[in-house]
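> Structure below; questions to follow.
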Amino acid sequence: MFSDKFYRDLPFPPSANTPRKDLIAAATKGSLTILHLHGNTGTRAHFLRTALYTAYTSRLNSNVLAIDYRGFGDSEGHPTEDGVTRDARAGWDYLVKQGARAEDIMIFGHSLGTAIASRLAAELGREHTSPRGLVLMAPFTSVRSVVDEYHLFGFLPLLKPLRFIPRVSDIITWSLAHRYDTLKLVPEIKASILIAHADDDWNIPHSHSSALFDAFLDPLLSEPSVLTNVSDRDVNSAQQTPDARRKELVSHARIHNFGTLDEFIAGDRKVALLKTISGKHDIPKDEGVQDAIGRMFKLF
């Protein structure tokens, strides 16, 4: 989907002789495009997702490329962890081939899509390629953690009755073919990141987002303090106390009737954690969350 601005600037009535590939190249040139990686249910054409695309093209004035992984929608094949990552990379490569610059592409993942988005971002990081940013909506640290913590309808831990059986959690985990361990990818992800999660998400606990945010922050906690106008004793104390160092690095804002925003700067990138009071697992549709994306990545 093209941004609303691009549509408005097209001549009317549109020419039937203009090749679509030319329109795509024109739309992506110098404009933001969101590479949208959806969760594990439905397809890119699910009505809730198409509503998101409309919001992004209008509210964020961005183009949207939404893909279905192999085995989803009209995409052939069988999904595997490596396979769906290649599908995401194919979406990235397609945009670049159309003329989009890396800094004009934002990688957006929701639920399962956050693991795929993180794998793509880590791959780009290893290649020293920097997208505009990485947005992780309701992410999880790893499949292992989800299996251990998942709550059916928000109150019944699926594995709790089985924990009396020795090593049953390991047995179930071994049976999972795909690990999707986002936590391990943190050192390789170099882009600016916005992590968003609702406190009332029953599918994936918001503690997963906190753990990911902390993983991005941890390397900075051991770096020398940059405090000024304080005594050497105070500086040494800040260096030795993780809580004091965290308070120095992380800005915390409470947004009335909405949630909290924590963020820090690491080199030339920003890492932010947005926690909303409500939204459940469908947090991407929240207009406040969309505005947070726009402000962080300077889309308006």
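The values are calculated or read from the model by the stated rules, or taken from the named source; none is laboratory data. Values in this document were obtained by computation on a predicted structure and should not be read as measured data. Methodologically, a virtual Cβ is constructed for each residue, glycine included, from the backbone with ideal geometry; neighbour enumeration extends over all protein chains shown.
> Within region 73-90, restricting attention to residues that are of a type outside the set (Asp, Glu) and buried (at least 20 other Cβ atoms within 10 Å of the Cβ), which residue is nearest to ARG132 (Cα to Cα)? It would help to see each step written out before you state the result.
Within region 73-90, the first condition is being of a type outside the set (Asp, Glu), and the residues that meet it are 73, 75, 77-80, 83-86, 88-90.
If we keep only those that are buried (at least 20 other Cβ atoms within 10 Å of the Cβ) as well, we get 84-85, 88.
Numbers: VAL84: 21, THR85: 19, ALA88: 16 Å.
Within region 73-90, the match that is nearest to ARG132 (Cα to Cα) is ALA88.
> Here's a check for you: in region 24-41, which residue that is under 27 Å from HIS110 (Cβ atoms) and without any contact (Cβ under 8 Å) to a residue 40 or more places away in the chain is surrounded by the most Cβ atoms within 10 Å (Cβ to Cβ)?
ALA27
> Another question, if that's okay. Across region 89-115, what is the total count of residues that are of a type outside the set (S, T, N, Q), part of a helix (DSSP H, G or I) and under 13 Å from the mean Cα position of the chain (by Cα)?
3
> Related question: What number of residues within region 242-265 are on the phi > 0 side of the Ramachandran plot and surrounded by 12 or more Cβ atoms within 10 Å (Cβ to Cβ)?
So the answer is 1.
> Considering only region 34-48, how many residues are within 25 Å of ARG101 (Cα to Cα) and modelled with pLDDT under 95?
Of the residues in region 34-48, 2 are within 25 Å of ARG101 (Cα to Cα) and modelled with pLDDT under 95.
> When you scan region 74-103, how many residues do you find that are within 19 Å of PHE2 (Cβ to Cβ) and in contact with a helix residue (DSSP H, G or I) (Cβ under 8 Å, 6 or more places away or on another chain)?
6
> Filter region 78-88 down to residues that are free of Cβ contacts under 8 Å to residues at least 12 places away in the same chain and in a loop (DSSP other than H, G, I, E, B) and give me whichever is farthest from HIS36 (Cα to Cα).
HIS78
> Output the number of the condition that SER118 fails; it satisfies all remaining conditions of (1) of a type in the set (S, T, N, Q); (2) over 15 Å from the mean Cα position of the chain (by Cα); (3) within 30 Å of THR276 (Cα to Cα).
(2)
> Only residues that are crowded, with 17+ Cβ neighbours inside 10 Å and basic (Lys, Arg): list them for region 266-300, please.
LYS275
> Give the residue that is nearest to PRO187 (Cα to Cα), with candidates limited to residues of region 249-271 that are touching a Phe, Trp or Tyr at 6+ places or on another chain (Cβ under 9 Å) and of a type in the set (Gly, Ala, Ser).
ALA266
> To continue, here is another question. So which residues in region 11-67 are among the basic types (Lys, Arg) and under 17 Å from the mean Cα position of the chain (by Cα), if there are any at all?
ARG44, ARG49
> The conditions are (1) in contact with a strand residue (DSSP E or B) (Cβ under 9 Å, 6 or more places away or on another chain); (2) within 17 Å of MET106 (Cβ to Cβ); (3) surrounded by fewer than 16 Cβ atoms within 10 Å (Cβ to Cβ), and ARG44 fails exactly one of them. Which is it?
If we test ARG44 against (1) in contact with a strand residue (DSSP E or B) (Cβ under 9 Å, 6 or more places away or on another chain); (2) within 17 Å of MET106 (Cβ to Cβ); (3) surrounded by fewer than 16 Cβ atoms within 10 Å (Cβ to Cβ), just (3) comes out false.
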